[in-house]
1. Give me a count of the residues in region A:194-229 that are touching a strand residue (DSSP E or B) at 6+ places or on another chain (Cβ under 8 Å), of a type outside the set (G, A, S) and closer than 16 Å to A:L163 by Cα.
2. Given the criterion among the basic types (K, R), crowded, with 19+ Cβ neighbours inside 10 Å and free of Cβ contacts under 8 Å to residues at least 12 places away in the same chain, identify the matching residue among B:R11, B:R49, B:R45.
3. Restricting attention to region B:76-98, report how many residues are small (G, A, S), loosely packed, with under 15 Cβ neighbours inside 10 Å and more than 14 Å from chain A (Cβ to nearest Cβ).
4. Only one residue in A:G331, A:G359, A:G355 is surrounded by fewer than 22 Cβ atoms within 10 Å (Cβ to Cβ) and either farther than 25 Å from A:K12 by Cβ or at pLDDT 95 or above (or both). Which one?
5. Within region A:1-54, count every residue that is assigned to a strand (DSSP E or B) and surrounded by 17 or more Cβ atoms within 10 Å (Cβ to Cβ).
6. Test B:T29 against the criterion of being more than 23 Å from A:R66 (Cα to Cα), more than 8 Å from every other protein chain (Cβ to nearest Cβ), of a type in the set (V, I, T) and surrounded by fewer than 16 Cβ atoms within 10 Å (Cβ to Cβ), and give yes or no.
7. May I ask you to list the residues in region A:297-308 that are in contact (Cβ under 8 Å) with a residue 24 or more places away in the chain and surrounded by 15 or more Cβ atoms within 10 Å (Cβ to Cβ)?
8. Based on this model, can you work out whether A:P77 counts as crowded, with 21+ Cβ neighbours inside 10 Å and either more than 26 Å from A:K126 (Cα to Cα) or at pLDDT below 95 (or both)?
Amino acid sequence: MSGVRLLVGTRKGAFVLTSDGKREKWEIDGPHFAGWEIYHMKGSPVDPNRLYASQTSGWFGQIIQRSDDGGKTWFQPGTPPGERTTPEGMPKGESNKFVYDTSKETGKPVTTHQWYDGTQHPWEFKRVWHIEPSLSDPDTLYAGVEDAALFRSSDGGRTWKELSGLRGHGTGPRWQPGAGGMCLHTIILDPSVPGRIYIAISAAGSFRSDDDGKTWKPINQGLRSQYIPDPTAEVGHCVHHIAMNPRRPGVLFMQKHWDVMRSDNAGDLWHEVSGNLPTDFGFVIDVHAHEPETIYVVPIKSDSEHFPLDGKLRVYRSRTGGNEWEELSKGLPERDCYVSVLRDAMAVDSLDKCGVYFGTTGGQVYASADAGDTWTAVARDLPGVLSVEVQTLS
Amino acid sequence: MIRVILPAHLRTLARVRDEVELEIQGPVTQRSVLDALEGSYPMLRGTIRDHVTQQRRPFLRFFACEEDLSHELPDTPLPEAVASGAEPLLIIGAIAGG
């Protein structure tokens with residue numbers, strides 16, 4: 001019997017929502033880590049019971065949580081369930097130790113980036129925004145952090161090492177924070193090209209590595225951001241999210257601060273596909289699991305309001321890979337809706353028909369079991385939703 | 001025996017319900033107490049002081065004997081009442097918000 005598991009990160013804890021393949025009735029389990037911000041949770045593609053969560057707090061900093069039983073129980077990697085420490089009294093790992101690599105041997109001593117006022121500012125670790133488990137090994141995972149950098153763990157989250165070639169490739173001192181901080185929020189592992197990784201940073205842009213994270217290059221050609229000094233600069237663009245259908249690697253879709261963009265050559269060149277969308281702003285974007293030309297966005301009114309146009313929550317779907325968009329509103333609030341949908345808060349399952357899910361800052365989680373034609377609120381009163389991921393279970 | 005009271009979220013992380021007790025050899029200072037605390041409860045590493053700089057996280061404070069000791073140097077001896085176990089060292093999460 002197939003089923004789905006939604007991993008919902010919120011401002012006050014983690015929730016795990018489960019349903020069978022019909023996706024009509026849902027059970028909600030949580031909150032896990034009550035009172036903490038859960039920026040992101042994601043499961044391993046090769047071991048669905050292996051889950052990772054980024055738990056964070058302005059008071060107490062970063063915690064990484066791991067579950068080996070599909071979210072029933074959790075522990076900090078290196079500190080097994082029920083154990084405080086090793087028999088020798090020492091920790092087995094430091095799962096929350098994210099230290100920038102400035103060594104001459106493996107890194108480059110990039111220590112400052114651009115600050116809001118144009119001056120240089122030290123790199124300071126704040127939190128993990130996104131966790132991306134490896135496509136082949138449940139013990140390997142990547143973490144995108146604020147201030148922007150990419151880390152990798154090869155021991156199930158016990159220890160972390162920065163892939164410092166990203167910050168050190170040359171443009172790092174020109175990166176600067178967006179309103180939400182200078183975060184590395186998108187990590188995409190390409191299943192067809194070994195070693196190919198895409199990442200995106202707000203506000204620096206998108207980058208690609210073809211050697212498993214050792215070296216990087218900016219892939220922002222074609223982006224245009226009219227309110228930065230050089231609208232077509234190599235870096236400095238506020239990329240909100242990137243999505244790729246793993247069945248068609250190399251074709252990328254981007255929701256940028258302004259405009260929806262598309263690349264057909266692994267990011268080497270982008271072109272705008274905003275078409276008839278009602279606004280030029282939004283955070284989320286995702287691709288249908290079986291139809292690589294079908295994409296979803298949630299238009300948000302730019303720039304200072306950041307809620308749906310006219311108080312009406314709508315998903316827009318393009319079946320043509322962009323430019324031609326249709327409004328999807330059946331089951332969604334038709335009026336008086338002033339929530340937002342944040343960048344990591346949309347996901348698709350791989351059932352037939354494709355399920356689409358998103359969460360709002362108002363604590364609602366909406367699900368569509370028919371590729372977006374109709375929507376149902378499967379949770380209405382959670383804390384503000386920061387992220388949504390889905391696992392398709394067999 | 002040194003007594004330490006943690007904020008609620010850190011008690012949850014450390015899987016303790018009440019105050020924790022620590023055995024400390026040598027001078028009782030912020031540093032020696034935190035070293036002992038993190039040794040017994042490794043999941044607290046990085047949550048009270050920075051992994052690298054060892055500086056107190058900005059929104060945390062150290063109180064004892066009705067005094068704010070947050071700005072004392074890490075190797076300054078804590079009050080005798082803390083060293084004797086008569087009074088606990090309180091690790092406080094700053095109250096923020098409206």
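1. So the count comes out to 12.
2. Numbers: B:R11 fails: crowded, with 19+ Cβ neighbours inside 10 Å; B:R49 fails: free of Cβ contacts under 8 Å to residues at least 12 places away in the same chain.
Among B:R11, B:R49, B:R45, only B:R45 is among the basic types (K, R), crowded, with 19+ Cβ neighbours inside 10 Å and free of Cβ contacts under 8 Å to residues at least 12 places away in the same chain.
3. Start the filter on region B:76-98 by keeping residues that are small (G, A, S), which leaves B:81, B:83-86, B:93-94, B:96-98.
Those left that are additionally loosely packed, with under 15 Cβ neighbours inside 10 Å: B:81, B:84-86, B:94, B:96-98.
Then keep just the ones that are more than 14 Å from chain A (Cβ to nearest Cβ); that gives B:81, B:84-86, B:98.
So the count comes out to 5.
4. Values: A:G359 fails: surrounded by fewer than 22 Cβ atoms within 10 Å (Cβ to Cβ); A:G355 fails: surrounded by fewer than 22 Cβ atoms within 10 Å (Cβ to Cβ).
Checking each option against the conditions leaves just A:G331.
5. Narrowing region A:1-54 to residues assigned to a strand (DSSP E or B): A:3-10, A:13-20, A:27-32, A:37-43, A:51-54.
Of the ones still in play, those that are also surrounded by 17 or more Cβ atoms within 10 Å (Cβ to Cβ) are A:4-10, A:13-19, A:30-32, A:37-43, A:51-54.
Going through region A:1-54 one residue at a time, the tally reaches 28.
6. Taking the combined requirement at face value, the residue does not satisfy it.
7. A:V297, A:V298, A:I300, A:H306, A:F307, A:P308
8. Numbers: crowded, with 21+ Cβ neighbours inside 10 Å: yes; either more than 26 Å from A:K126 (Cα to Cα) or at pLDDT below 95 (or both): yes.
The answer is yes for A:P77.
The values are calculated or read from the model by the stated rules, or taken from the named source; none is laboratory data. Treat the numbers as computed from the prediction; the structure is a model and nothing was measured. Cβ: placed from backbone, ideal geometry, glycine included. Neighbour counts: every protein chain shown.
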